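A.B. asks: For reference, the structure I am asking about is given below.
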Amino acid sequence: MPLNRMKQVKSNSAISRGRSAVALALGLVLMSHAALADQETRSRPLTSLSMGYRFSETTGEELFASACQACHMPDGKGAVGAGTYPSLVQNRNLEAAGYPAYVVVRGQRAMPAVGAMMSDAQVAAVVNYVRSHFGNGYRDAVSADDVKLVRPGR
């Protein structure tokens, strides 16, 4: 084998080992991130689905996990795919407290009227949760009486 060819083979072998080392390091980094994500998921409270046509959860966090996060995502950032699910993160539309209460109760575009399956207190709880989380700092709380005002026929 000519000398130049032997140097090229050695060079290719060194490149191959280098690529293998990079791939191994990248794999280890990805596995550590997956382990952290799994740990974060396990630290969240487990939610059980409500039975029947009414939500049984009572806190805003539980209601969000059961009724909202499938579309708006656990981090509230929304999603794009089969549809467009708006982000709730630092959302200026949540500033007027009556607006999210109205949307939860009556629905809007592709969002179903999930508030029809919640009591006034539950709607108020989930609206207050969303308005005070995900980078939103709206402190004027929605009450069950406020929700009554946006119910159909009232």
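A.B. asks: In nm, give the distance between the simple-model label positions of residue 70 and residue 144, each being 7 Å from the Cα along the Cα-to-Cβ direction.
C.D. replies: The two pseudo-label positions are separated by 2.6 nm.
A.B. asks: Let's test this: bin the Cα-Cα distances of segment 58-154 at 5 Å from zero up to the farthest pair and state each bin's percent.
C.D. replies: Percent of Cα pairs in each bin: 3, 15, 26, 29, 19, 7, 2, 0.
A.B. asks: Now for a separate question. How large is ³J(HN,Hα) for each residue in segment 120-134, as worked out from phi by the Karplus curve 6.51 cos²θ - 1.76 cosθ + 1.60 (θ = phi - 60°), to whole Hz, x for Gly and Pro?
C.D. replies: 4, 5, 5, 4, 4, 5, 6, 5, 5, 4, 5, 6, 10, 10, 6
Each reported figure results from applying straightforward, stated rules to the coordinates on display, with no laboratory input. Since we're looking at a predicted model, the values are computed, not measured. Ideal geometry is used to build each Cβ from the backbone, glycine not excepted, and the neighbour counts take in all protein chains shown.
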